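Q: Would you mind keeping the following structure in view while I ask a few things?
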Amino acid sequence: ASGTSAVASTALGTAQGLAQAHSIRRLSNQTKMHLTDVLGLPFNASERLLARPASPRALWMGPPAINGVWATPHKHSLIHLAMERARTGVAWKQHFAKDERCRVPSNCSNFAVGPFKEHPVEAAAARHRCAPSFVIPGTQKGASTFLFHALSRHPQVVPPLRGAHGYKEAGAYVLRNCRRNNYQLGNRLHRFPFIEAEDPFVTGDGTVHYMLSCQDIPRELVRDNPYIKVIFALRDPVSRMWSDYRFGSGWYKSKNLGFNQVVDGTLPDFRRCFDRFLNSSQSIEAGISQFYTVRCVTQVQDSHNLIKKSLYIFQVKHWLNVLGHHRIRVVTTEDLKLNQKEVLRSVLEFIGLCPFKFGNLGKDNVTPFRVAGEHRINRASFEKLQAFFRPYNRALYEEVGRDLGWEMTKWESFH
């Protein structure tokens, strides 16, 4: 639809693309009324033709749109969602055009082509499409799903076309063997909606493995969009570990590994791996390489990397090195609990989006408490982990310029 191609194509997900409205001549009258209602075009049933819009594009809804069996879309269907978003998009685009705060041209950068081998059609398409404008690269169990879905409610934000956890984790920048390979451009193009430079829309990616897995991921993101904004959703390291353990409780139960056993079995290895890098900023830089290239514990000991995921300083510092402080914002679970509206307002401002009232937002992707008594965290493990993470947390506070207050977490909160 004119001015709403991004939101509409995203809502359909599997749509084949856009069709010229004036060339679709076999639509039933009912179908035409639906389409013209979405597009805001005049409709004349006797002419059996769609009036040609100023920008001749319509939503292509597949065979049901032209085979005479069109029915009113189910309330929760993709096509119904497409129509609702398209209607909303027309009104919002008019609003965006009048509000200087709602224009985000500086955030649009076309997907990069080369130096690797790419399909010529995909390379041509990449030159006209905006790459993601923001990314939430983690951490796992740090409220990243809540934050991404909250942002997706904003009328300027168009979610990815595919991905886990409700079109959140596109995974478009996951690197095989941590190396860039040929023909990966198409993988990125097919996961995000078609947004052009003049459209007042943005898309994002909330893949939580980005901050942990490969050193080259932030460079790949910057390669596609040098203006990309990064929001880290972090959480008290011990609380995050305990939530992550519950999230992976099936694996731990199959190995008969309680949380305290995992801590006792892996904490000494992580001390040997990383404690020596806490002396100076130069040591932190050396620790980044160690973090991404050396496996301190085996898969048998802990397949979910509970402690490693919570060592935020090496991950955040690496991304700061690549993007700079002005393109990175840190949000915590604790911030969201205490002052949700203010946190979301500041994130919208950081990305460059219109002010927006999100309304009441419920919990999202909460990990159920499904751990047997003998496998639950005990006070001794909590205190060991608090002591272990304390210097790493302080290094992070210094790097991001504020105290995140995780030392204030009390054992009683785990009950």
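The values are calculated or read from the model by the stated rules, or taken from the named source; none is laboratory data. Everything numeric in this text was worked out from a predicted model, so none of it was measured. For neighbour counting, all protein chains shown are included, and Cβ atoms are generated from backbone atoms with ideal geometry for every residue, glycine included. Note: accessible area is taken over every heavy atom of the protein model, side chains too, but ligands, DNA and RNA are not part of it. Shrake-Rupley method; radii C 1.70, N 1.55, O 1.52, S 1.80 Å.
Q: Please give the helices (runs of 4 or more DSSP H) falling wholly within the stretch 316-415 in which 2 or more residues are in contact (Cβ under 8 Å) with a residue 60 or more places away in the chain and in contact with a helix residue (DSSP H, G or I) (Cβ under 6 Å, 6 or more places away or on another chain). Working first, answer last.
A: On the way: elements: 333-338, 340-351, 379-400.
Hits in the stretch 316-415: 379-400.
Q: Within the stretch 128-154, how many residues turn out to be at pLDDT 85 or above, over 10 Å from the mean Cα position of the chain (by Cα), more than 23 Å from SER310 (Cβ to Cβ) and assigned to a loop (DSSP other than H, G, I, E, B)?
A: 5
Q: Under the condition of being basic (Lys, Arg) and in contact (Cβ under 8 Å) with a residue 60 or more places away in the chain, which residue from the stretch 175-200 is least open to solvent (accessible area, probe 1.4 Å)? Break it down stepwise before answering.
A: Going residue by residue through the stretch 175-200, those that are basic (Lys, Arg) are 176, 179-180, 188, 191.
Remaining after also requiring in contact (Cβ under 8 Å) with a residue 60 or more places away in the chain: 180, 188.
Working: ARG180: 31, ARG188: 8 Å².
Going through the qualifying residues, I end up with ARG188.
Q: Given the residues LYS117, LYS141, which is the only one that is under 22 Å from ALA233 (Cβ atoms) and of a type in the set (Lys, Arg)? Steps first, answer last, please.
A: Values: LYS117 fails: under 22 Å from ALA233 (Cβ atoms).
After applying the criteria, what remains is LYS141.
Q: Scan the stretch 229-241 for residues that are open to solvent by 10 Å² or more (accessible area, probe 1.4 Å) and either more than 27 Å from GLU349 (Cα to Cα) or over 15 Å from the mean Cα position of the chain (by Cα) (or both) and jot them down.
A: So the first thing to find is which residues in the stretch 229-241 are open to solvent by 10 Å² or more (accessible area, probe 1.4 Å), and the list is 229, 235, 239.
Passing the criteria: ARG235, SER239.
Q: For the stretch 201-228, give me each residue that is closer than 22 Å to ALA164 by Cβ, among the charged types (D, E, K, R) and open to solvent by 30 Å² or more (accessible area, probe 1.4 Å).
A: ASP216
Q: Counting only residues that are more than 21 Å from VAL330 (Cβ to Cβ) and under 26 Å from the mean Cα position of the chain (by Cα), how many does the stretch 381-401 have?
A: So the answer is 0.
Q: Mind telling me which of the residues VAL371, VAL366, VAL400, VAL331 ends up being under 14 Å from LEU234 (Cβ atoms) and not assigned by the TED database to the domain that holds GLY248? Talk me through it step by step, then tell me what you get.
A: Details: VAL371 fails: under 14 Å from LEU234 (Cβ atoms); VAL366 fails: under 14 Å from LEU234 (Cβ atoms); VAL400 fails: not assigned by the TED database to the domain that holds GLY248.
The conditions single out VAL331.
Q: Report, ordered by the first and then the second residue, all pairs with beta carbons closer than 7 Å, sequence separation of six or more or different chains, a first member in the stretch 239-255 that is among the basic types (Lys, Arg), and a second member that is outside any helix (DSSP H, G or I) and open to solvent by less than 20 Å² (accessible area, probe 1.4 Å).
A: ARG240/THR139; ARG240/GLY142; ARG240/SER310; ARG246/THR367; ARG246/VAL371
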